[in-house]
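Notes for the one structure printed next.
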Amino acid sequence: MLIQVAVARKLAEHRDRLTYRVPVHLQKAIDWGSMVVVPMGRGNQLVNGYVTGFLPEHPDDETAYKDVASVQEAETMLNRELVELAVWMSEYYLCSCYYILEYMLPKFARSKKQEVAVWKDDSALAMTRMVFLEAEAAKLAEEIREQGEIAVERLQKAYPHAETLLKELVQAELICIEQRYLQKGGGKTEAVYESCIEPDQLEDARQRLGRAVKQWELLRYLTYEGATDGKTLNSYWPNYRNLVNELIKKQLIRRKTVQVQRFHTDHAVFRNDRELVLNTEQQQALDVILAKADSPCAEEVLLHGVTGSGKTEVYLRTLRHVLDEGGGAMVLVPEIALTPQLIGRFRAVLGEYVEVLHSNMSDGERFDAWQRLYRGQTRVVVGVRSAVFAPVKNLRLIIMDEEHETTFKQSEPDPRYHARDVARFRMEYQQGLLLLGSATPSVQSYYEIRQRGTLLTMRHRAQKQPLPEVRIINMAREFKGGNRSMFSPVLADTMENSLKNGEQVILFLNRRGFSSAIVCRECGHTLTCEKCSIALTYHKEQNLAKCHYCDYRSPAPVRCPSCGSRFIRYMGSGTELVEEEVKKRWPWVVTDRMDLDTTQNKDAHNSILERFARGETQVLIGTQMVAKGLDFPNVTTVGVLAADMILNLPDYSAAERTFQLLTQVAGRAGRGDKPGSVIVQTYNPEHYSILAAQMHDYQAFYRNEIQMRELMVYPPFCYMVRILVSDFSPDGLLDGMQRMADGIAERYPDIELLGPSEAPVSIVRKRHRFHIILKGGSLDLLREAAEYGQNFMNLSRKSKTLRILIDVEPSSVL
């Protein structure tokens, strides 16, 4: 039997899949995704890998291949679909298949190289050698002998001089140290106790125990209650350990180890099982979607509905239909902040457990959730980008809510995939339905769905509420009028009215921290990161200056590090400053801030949103976390403090991102019985993206944007691949990239090259960064050219610290 194995080694051109022969005694243990250990190179060094394919048998050729050394016994939790997906991603995104498979798996299921102490034999000679060992060495030897093998890491924790003791045992030829590839973690277990007898045998047991009344009481409890853990027993019998040990000796009870499931808890405030009646638009959309869900072919639908149009209710009914038909489903959201409300609603309405997968869960919770999905114990998962790899049984439906969000594209590290492309592959593989939903679809998705697929539109809010009124405030005019505050009078008055009426406010500023720059007023020096070409941001709460790229931090300066002046000025605004200003103006108001700084701890998102849902918080201030998907009926005012922040970025998609963010954050207002108001503060009040957002007019925005994209030949009218090259020394780097670009231009004349040039952020973590953008009509040709460029740089620049990153279809070129 010949198999292909993705090995844990970086090989040329991302070709990390090698062919091996499987010895007869291992063939039954081999399956798609099995973790194996194989020899590599002239020295036959053992490395781990995953089985990615089976090759036709050719008896004459099999002797040319090396044998698989061993197979990992643990459940890999990879199936054929996920393995074939990894192979496709490796070729599409030009990255290692092995690292894609490792990335897919929860951390505890990934491979880890471990040393294991293995007992060699129980011969008389071995027993004689044990007699001459020192007490501690003899104790260690006996422990290894009893268990057969023990991880060295575990022994090092238990024995202070484990290394010396193990060497002594190896020299005595009692043990050997072997290299194993094992899972990093696993399921959580605990000891439980259960009775060995039936209830009708209790009287005989009572007579046998005689005066041991406590033992008999505990035995009776276990006989009727079943398996019970020690913590529960301890609450009734503080000395339960002595009791159970005696009962175990008498063979009346037994101790066994069971797996304990770790569940991610939801919050009661978000549980909503209210049955809503669909309006005409929702019902018409649902009818089409259910017909597509029942199709024997792969289908793709884009549900374009204004904010508050009831897309979630359509999702719910589609989910219920697929589950009733015996299928599995996943719902992908762009932000962790969106999961609490969705989970609460889905679990309440669907009547079954819905798994959650996101980065704020513990490694154990993620492992258990993945395992339950792999075994078919649960059928629905809600999660962020990486949840697209969840091993859902009989997967028939993938819903991507807020499909336009750039967070669905992995920026770093590899694999740099887009969840939409992965979801599309999975639904084509399973012949299922990919349902994309958004109030502001990405220009590319909207363009593509009109070429192929089904476009559904919901133009009105579900409960017939009007869309909120959006007012644009020209901040240049405010400045000329003498207003130096971050709040225009219109925004301040609107907030005042809402707060006095017991209503809630959301303030949006897409920059965390207190001030975005620290500047000396005497010499003009701006504090920058020691490792990056970026200004440090002042975080007042911690009194630190931080870099938002590499997390470098230093105490906020008292004097200018350049000239020694005490005249330090903090310039620009962040969410911390907004919160401080709100508290100054309205000291009686309770505020909460939702950004990367306040959501580091587990369940921080849930806690912030739970307080806001209960009305304990009147003003919620945040970055893009608050701009999408949240549904709080008491929110009547939304303030956008700086609408130009993204618009001014040197990126072809800046106008699209601006329109999407403004429209999405505006949609948080007026979702209940009270009308909403949205105040947008900007220095570009005439820009088409801002005017279209004011009118909630996606079509007007799309017409302008698609014309610009076609004129400038940007996606969807071309494909793009970015090559980012970095090194600790910039010497000769740009010249080398220019020679690479010349080579690409000569070999691939149909490709347009932008660059090479410094990346917009030219230094990150002391690495100097240069990039080049490839544009063309054939993605295969662009990938081929990118691989040529990568090989050229690797061969021409002899640097061990050179790093070349290829980003296929980048969402941003910053």
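The values are calculated or read from the model by the stated rules, or taken from the named source; none is laboratory data. Only a predicted model underlies this, so the values are computations on that prediction, with no experimental measurement involved. As a convention, Cβ positions derive from the backbone with ideal geometry for all residues, glycine included, and neighbour counts pool all protein chains shown. Ligands, DNA and RNA are excluded from the accessible area calculation, which covers all protein heavy atoms including side chains. Shrake-Rupley method; radii C 1.70, N 1.55, O 1.52, S 1.80 Å.
Results for (1) out of contact with any Ser or Thr (no Cβ under 6 Å at 6 or more places or on another chain); (2) buried (at least 23 other Cβ atoms within 10 Å of the Cβ); (3) in a loop (DSSP other than H, G, I, E, B), shown as yes or no for each residue.
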| site | (1), (2), (3) |
| --- | --- |
| Tyr315 | yes, yes, no |
| Leu319 | yes, yes, no |
| Ala329 | yes, yes, no |
| Gly344 | yes, no, no |
| Leu373 | yes, yes, no |
| Val392 | yes, yes, yes |
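I'm trying to understand the selection: among the residues of the stretch 705-733, which are part of a helix (DSSP H, G or I) and free of Cβ contacts under 8 Å to residues at least 24 places away in the same chain?
Gln707, Glu710, Leu711
Answer yes or no as to whether Arg703 is at pLDDT 95 or above, touching an Asp or Glu at 6+ places or on another chain (Cβ under 8 Å) and more than 28 Å from Phe632 (Cα to Cα).
No; evaluated as a whole, the condition is false for this residue.
Can you find a residue in the stretch 84-102 that is in contact (Cβ under 8 Å) with a residue 24 or more places away in the chain, more than 30 Å from Ile723 (Cα to Cα) and assigned to a loop (DSSP other than H, G, I, E, B)?
No, that holds for no residue.
When the residues of the stretch 1-31 are narrowed to those that are closer than 19 Å to Glu102 by Cα, assigned to a loop (DSSP other than H, G, I, E, B) and open to solvent by less than 50 Å² (accessible area, probe 1.4 Å), which ends up modelled with the lowest pLDDT?
Across the stretch 1-31, the extreme among qualifying residues is Asp16.
When the stretch 218-247 is examined, which residues are found to be open to solvent by less than 70 Å² (accessible area, probe 1.4 Å), in a helix (DSSP H, G or I) and within 14 Å of Ile197 (Cα to Cα)?
Those that are open to solvent by less than 70 Å² (accessible area, probe 1.4 Å), in a helix (DSSP H, G or I) and within 14 Å of Ile197 (Cα to Cα): Leu218, Leu219, Tyr221, Leu222, Thr223, Leu247.
So Gln664 ticks every box in (1) crowded, with 24+ Cβ neighbours inside 10 Å; (2) outside any helix (DSSP H, G or I); (3) not small (Gly, Ala, Ser) but one. Which box is left unticked?
Of the numbered conditions (1) crowded, with 24+ Cβ neighbours inside 10 Å; (2) outside any helix (DSSP H, G or I); (3) not small (Gly, Ala, Ser), the odd one out for Gln664 is (2).
Out of curiosity, is Ala137 in a helix (DSSP H, G or I), in contact (Cβ under 8 Å) with a residue 40 or more places away in the chain and open to solvent by less than 70 Å² (accessible area, probe 1.4 Å)? Working first, answer last.
Details: in a helix (DSSP H, G or I): yes; in contact (Cβ under 8 Å) with a residue 40 or more places away in the chain: no; open to solvent by less than 70 Å² (accessible area, probe 1.4 Å): yes.
Considered against the rule, which asks whether it is in a helix (DSSP H, G or I), in contact (Cβ under 8 Å) with a residue 40 or more places away in the chain and open to solvent by less than 70 Å² (accessible area, probe 1.4 Å), Ala137 comes out as no.
Determine the pairs where a residue that is open to solvent by 10 Å² or more (accessible area, probe 1.4 Å), located within the stretch 409-429, has a partner that is among the charged types (D, E, K, R) with Cβ atoms under 6 Å apart, the partner being 6 or more residues away or on another chain.
Arg416/Asp807; His418/Lys409; Tyr429/Glu81
Specify the residue that is most open to solvent (accessible area, probe 1.4 Å); the eligible residues are those in the stretch 770-786 that are in a helix (DSSP H, G or I) and touching a residue at least 24 places away in the same chain (Cβ under 8 Å).
Glu784
Among the listed residues Asp697, Asp673, which satisfies the condition of being over 30 Å from Glu809 (Cβ atoms), of a type outside the set (Ser, Thr, Tyr), open to solvent by 50 Å² or more (accessible area, probe 1.4 Å) and out of contact with any Pro (no Cβ under 6 Å at 6 or more places or on another chain)?
Asp673
Pairs under 8 Å by beta carbon, first residue of a type in the set (D, E, K, R) in the stretch 149-171, partner open to solvent by less than 60 Å² (accessible area, probe 1.4 Å), six or more apart or different chains?
As it stands, the answer is Glu149/Val116; Glu149/Ala117; Glu149/Val118; Glu149/Trp119; Glu153/Gln114; Glu168/Leu133; Glu168/Ala137, since those pairs meet every condition given.
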